[in-house]
Structures are given as C-alpha cells and as structure tokens.
Amino acid sequence: MTNQTDTVWAARSDARARADLTSDFMPYLPASSSPFAPAGVDPESLVWAETVAPGGYTHRVVARGTRFRLDDPTGDACAHLLLFNALEPWERLNVADTLKIPWQAYLSAGHPLLSGDGRVLATIRTDTSGRHDAFCGTSSAAWNERKYGSSIPEGPAPAGRSLFALGAAKHGLTPRDLPPSVSFFQGARVDDEGGVTYTGSAGPGTAVEFTAELPLVILLANVPHPLDPRPAYTVGPLRVHAWPGSPTGPGDDAYTASPERTRAYLNTTDYWEARAQ
Amino acid sequence: MLDWSSPLSDGRVVLDERVEPRASWSAVVARGDTLTIVDVGGNQSADCLIFDALDHDERYSVPDTITWQGNAYVRTGTVLRSGSGAALMTVTANEIDRQDTIGGACSKESNTLRYGYHTHFQHGCRENFLAEGQKHGLGARDLVSNLNWFMNVPVEADGTLGIVDGMSAPGRRVAITAERDVLVVVSNCPQMNNPCNDFNPTPLRMLVTRKETAA
C-alpha cells in the first residue's frame with residue numbers, strides 16, 4: 001500500500017499516523033511513562049526519562065539537587081559526560097581538579113565532579129559498575145576515521161566530540177566550550193609506567209547515580225571508549241532517568257569524606273546562596 | 001643554585017627570554033622551531049597551554065594526547081595533540097624521567113580546597129593563564145587541561161594520585177618542536193604550598209631555536 005500524501009490534508013493524516021510508533025531509543029513523555037523507571041523511584045516524580053541510542057547523544061538542563069541515573073542495560077554502553085554550570089557555562093567540568101582534589105584517579109561512589117572554580121558540579125552517589133575512566137576522554141573525528149573509517153554524526157561511527165559539539169550548540173555553546181570529558185561503564189587503568197589499559201565493562205545491568213550540586217547543562221554522548229579494542233563500533237543503549245532530590249549536605253558521607261571535599265561543598269553552597277537571592 | 005643552561009636543540013637562537021618566578025609568559029613558536037624550557041632552579045613546574053596560532057579552538061588536549069600514545073606520562077617522542085587529534089608539538093628531547101599532564105593547574109579557588117581558605121589571596125596558575133591569555137583574546141572558556149613541565153604526579157595502583165617531589169634539578173631541560181605555528185602560554189607556577197616547586201618558585205629560561213637551512 002502506498003501512503004496517500006498528494007494533498008496537504010493527506011500528508012497531515014499520514015504524518016499524524018506515525019506519532020504512536022515507538023523505538024528502542026526515544027524519550028518517554030511524560031517522563032512518568034518510562035517503562036524503565038528505577039526501582040524505588042515514584043514514576044510520577046521523574047523529570048527526564050530517555051533511552052539514548054548507540055552512537056547517540058542527549059542533553060538537558062536540570063535543577064540543583066536533581067538526582068540523575070545512568071543505566072547500562074546491555075553492558076556495552078559508554079556514557080561520555082560533560083557538565084556545565086547552567087548559570088555561567090564557562091564554569092564546567094575540570095577533569096584535573098576532579099582527580100587532584102580528592103587525590104584519586106578512579107571514579108566511584110562519593111566522588112565529586114569538580115569545576116575549575118573550586119566547586120562541585122555533581123556528586124557520584126551510587127555506582128554498581130566501577131568501570132569508569134577520566135584519562136582518555138572521548139573520541140575525536142581523527143581517531144574514529146582511523147579506527148572505523150568514519151566519524152560523522154550521521155554516519156555509522158560518530159565521534160564523541162562531534163556529538164558533544166552538537167549538544168553544546170543547542171545551548172549556545174561552541175567547540176571552544178568543550179573541555180575533556182569523563183566516561184562511565186567502560187574502564188581504564190594506569191600502571192606504574194603510565195601505560196593505560198582498557199578494562200572494559202562490568203557486564204549488563206549496572207548503574208551510576210549522581211546529584212546535581214548546581215543547576216547544570218548535562219551533555220551525554222554514548223559512543224565506544226577510545227581504547228575499546230573491538231574492531232567493530234560496539235556500543236549499547238544508555239538509559240537516563242532524573243527526578244528531584246537534595247544537594248549533598250553536611251549530613252551526607254560524601255560531604256565529610258575528606259577536608260578537601262567539605263571545602264568544595266562549602267564553596268558550592270556559598271556561591272549558590274549568594275547567587276540565588 | 002641557578003643554572004641557566006643552554007638550548008637542547010641545534011640551530012640559531014631566535015628567542016631567549018627569562019620568566020620570573022610566579023610570572024606568566026607566551027610566544028608564538030613557528031612550525032619547525034624548537035622551544036627549550038630550562039628548569040633554572042630545579043623542581044619548578046612550568047604549567048603550559050598550547051594553541052594553534054591561527055585557530056585557538058584547536059588547542060592542547062590531555063585525553064587526546066594520552067589516548068593516542070596509550071600512556072599517561074609525557075616523554076621524548078610524545079606528540080602533544082589537540083582535541084581533534086591534530087599534532088601541535090612533539091617532545092624531541094627531555095632530561096627528566098617523565099613529564100606530567102594529568103595534574104592540571106592551580107588556582108585561587110582550587111587552592112582553597114587543597115590548602116584551606118587562608119591561601120585564597122595567593123596567585124595561581126589559572127590567574128596567570130587568564131592574564132597572559134587576554135593578550136591573545138583568550139578567556140576562561142579557552143582554559144583547558146594543561147601540561148606541567150618538570151612536575152611529578154604518580155598514579156598508585158589503587159588510583160591514589162598527587163603531586164610529589166619532582167625528578168628535576170637545576171638546569172634540566174625539555175625540548176618541544178612545533179608541528180605547526182603554535183601559541184605557547186606558560187605559567188611559571190606560583191605555588192608555595194606544594195612540592196611541585198619545592199615550596200619556592202624559581203625562574204625559567206625559554207629558548208627558541210631554528211634549524212639553519214642549507215645554503
């Protein structure tokens with residue numbers, strides 16, 4: 001059967017008939033309709049629910065205190081993450097400070113994701129994966145062209161940096177605003193001599209949850225880790241859910257985990273209280 | 001003890017400048033020229049950003065440099081790459097075991113986290129980068145991850161990492177050759193709270209040499 005699209009009315013009917021189709025990779029609107037609402041979270045409280053396609057990206061502005069969760073249902077997701085202070089986006093994730101201030105290179109529950117301005121943008125609250133990487137960043141066009149023969153966003157092997165550039169552009173940001181990123185669900189380790197070894201995934205069904213400590217622009221690119229040795233462009237779906245929560249405060253373990261971290265949260269609260277009045 | 005040393009590359013000296021302790025510096029290094037940085041007093045961290053001289057969006061990237069070589073440390077032969085993977089400069093000679101690119105820069109703000117609020121009034125590398133960058137139209141958005149020449153940041157097996165005593169000494173040098181025309185911005189780290197410069201900032205000498213072409 002061919003579609004009847006030879007008049008505007010027919011074309012409108014044809015378009016409208018498509019709206020109820022579904023895909024494995026789509027936003028769920030309203031968010032409460034997500035078929036994958038996290039256990040223990042009231043679906044009615046969800047403010048963001050989405051499955052990001054392999055080789056896809058997403059972006060969102062969330063409020064301070066928002067809890068957001070990344071799920072790797074197949075064990076092949078790789079969530080490359082960038083964070084910006086939504087109020088002043090030139091404040092953004094600083095990987096060096098994120099490692100140096102807690103004196104720890106390997107990200108896990110309790111780790112603060114710091115800006116270059118002495119504040120916490122987000123805190124990792126829970127982590128069932130433990131396979132993450134803050135050394136290798138995401139893939140560039142040159143890297144993917146060499147490895148997969150393609151890198152363009154509309155092609156079979158999008159580069160993470162190209163996807164970040166698209167997400168950034170939708171918030172008025174440019175490639176100039178893209179610092180190094182961190183990645184979740186595909187790990188890497190550094191040996192005594194500095195050698196970086198890809199350690200891969202912890203398997204299907206792991207999740208990482210974060211608290212937004214300031215209003216954030218979140219950029220996510222779901223592309224293979226640059227050191228993934230598999231010759232094919234291998235990446236699985238990435239699920240994102242978010243719901244309202246509270247910023248990390250004096251009663252939380254992450255707040256008191258070290259004197260450096262306590263001062264980072266104090267700086268964050270100080271900024272927010274002056275700014276928000 | 002100060003050792004001003006000499007270039008670590010053959011050729012005619014086309015630039016020879018001294019950077020005061022705690023101060024910033026920048027210069028355009030032409031393609032094919034080699035910049036020698038001399039650690040005059042020893043264990044003085046030279047925090048460094050590199051930009052394509054004509055396209056400042058094309059700039060040094062720590063993760064790309066690490067990924068392409070599969071190693072977190074910078075040594076002779078390391079190609080210093082931009083976020084698009086392009087080669088900006090190559091380390092062509094190096095007189096310490098390894099150079100750091102994971103420790104990042106200090107700032108007024110991050111120093112309050114590491115050492116307490118009493119350090120907030122002190123000058124930092126981020127401040128040097130902003131001040132020097134403004135001479136070239138660069139702002140906070142252009143401050144990305146950097147190199148730290150002569151600084152030592154080991155990563156332990158459990159992921160513990162931090163800045164420890166350096167492996168440098170007075171007069172030790174590193175030479176980096178420009179793969180294209182690049183803008184090099186350096187902060188001669190002002191740290192007084194940190195073994196990255198023995199708690200005592202000392203000068204640097206910056207030498208650019210140009211290979212003589214055969215007549």
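The values are calculated or read from the model by the stated rules, or taken from the named source; none is laboratory data. These numbers were taken from a predicted model, which means no experiment stands behind them. A quick note on method: Cβ atoms are made from the backbone with ideal geometry, for glycine too, and the neighbour counts reach across all protein chains shown. Ligands, DNA and RNA are stripped out before the accessible areas are found, and what is left, the full protein with its side chains, is counted by its heavy atoms. Shrake-Rupley method; radii C 1.70, N 1.55, O 1.52, S 1.80 Å.
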Packing-based order for A:34-40, A:174-180, using average beta carbon neighbours within 10 Å, highest first: A:174-180, A:34-40
Relative contact order (%) - the range A:1-92, alpha-carbon pairs under 8 angstrom, separation at least six: 17
Low-density loop positions, chymotrypsin sites (Phe, Trp or Tyr not before Pro), the range B:145-215 - DSSP coil, at most 15 other Cβ in 10 Å: B:199
Rounded percent of accessible protein surface that carbon and sulfur make up, the range B:27-165, 1.4 Å probe: 52
Where GluC sites (Glu not before Pro) fall in DSSP loop in the range B:84-170, at most 16 other Cβ within 10 Å: B:156
Karplus-derived 3J(HN,Hα), 6.51/-1.76/1.60, for each residue of the range B:21-37, Hz, glycine and proline x: x, 6, 8, 10, 7, 7, 6, 8, 10, 6, 3, x, 7, 10, 9, 9, 9
Whole-angstrom Cα spans of chain A along principal axes, big to small: 69, 48, 36
Tail fraction, Cα-Cα pairs, the range A:78-138, threshold 14 Å, whole percent: 54
Cα-projected label distance for residue B:199 with residue A:18, points at 7 Å along beta-carbon direction, nm: 6.9
Whole-Å distance, taken between Cα centres, linking the range B:1-72 and the range A:195-235: 33
Averaged over B:136-143, number of beta-carbon atoms from partner chains that fall within 10 Å: 3
Residues with amide H under 5 Å from that of residue B:15, placed H, sequence gap 5 or more: B:208
In the B-A interface, the accessible area buried, summed over both sides, Å² (probe 1.4 Å): 3800
Counting all C-alpha pairs of the range A:50-95, share separated by more than 11 Å (%): 75
Qualifying lysines (Cα of each under 26 Å from Cα of residue A:170; at least 8 residues distant if same chain): none
1.4 Å probe accessible area per residue over the range A:65-145, in Å²: 22
Folded to 0 to 90 degrees: helix A:8-17 orientation relative to chain A principal axis, Cα: 50
Nonlocal amide H pairs with residue A:50, under 5 Å, H built at 1.01 Å: A:28, A:240
Tail weight of P(r) past 41 Å, computed on alpha-carbon pairs of the protein assembly as shown, percent: 21
Amide H within-cut-off set for residue A:121, under 5 Å, with H built and near neighbours excluded: A:113, A:114, A:115
Radius of gyration, Dmax [the range B:27-162; alpha carbons; angstrom]: 15.3, 45
Accessible area of the range A:157-277 belonging to carbon and sulfur atoms, whole % at 1.4 Å probe: 53
In sequence order, calculated HN-Hα J values of the range A:132-148 (Karplus, 6.51, -1.76, 1.60; Hz; x Gly/Pro): 9, 8, 10, 9, 8, x, 10, 7, 9, 4, 4, 5, 6, 5, 5, 7, 10
The range B:22-69 pair-distance distribution - Cα-Cα, 10 Å bins, rounded %: 18, 44, 35, 3
Rounded accessible area per residue of the range B:11-64, 1.4 Å, Å²: 35
Rg ratio (alpha-carbon, reference 2.2 N^0.38 Å) - the range A:187-248: 1.47
Entries in B:135/B:211; A:147/B:108; A:100/B:211; A:147/B:135 that, when Cα-Cα distance is taken, lie over 32 Å: A:147/B:108; A:100/B:211; A:147/B:135
For A:90-100, mean number of other protein chain Cβ atoms within 10 Å: 6
Positions from the range B:32-81 whose accessible area shrinks by 50 Å² or more when the full protein complex is built, not the chain alone, probe 1.4 Å: B:57, B:59, B:63, B:67, B:68
Partner chain coverage, peptide A:169-177 - average Cβ within 10 angstrom: 2
Vicinal HN-Hα couplings computed from phi for the range B:177-182 (Karplus, 6.51 cos²θ - 1.76 cosθ + 1.60; Hz; Gly/Pro x): 9, 6, 8, 7, 5, 10
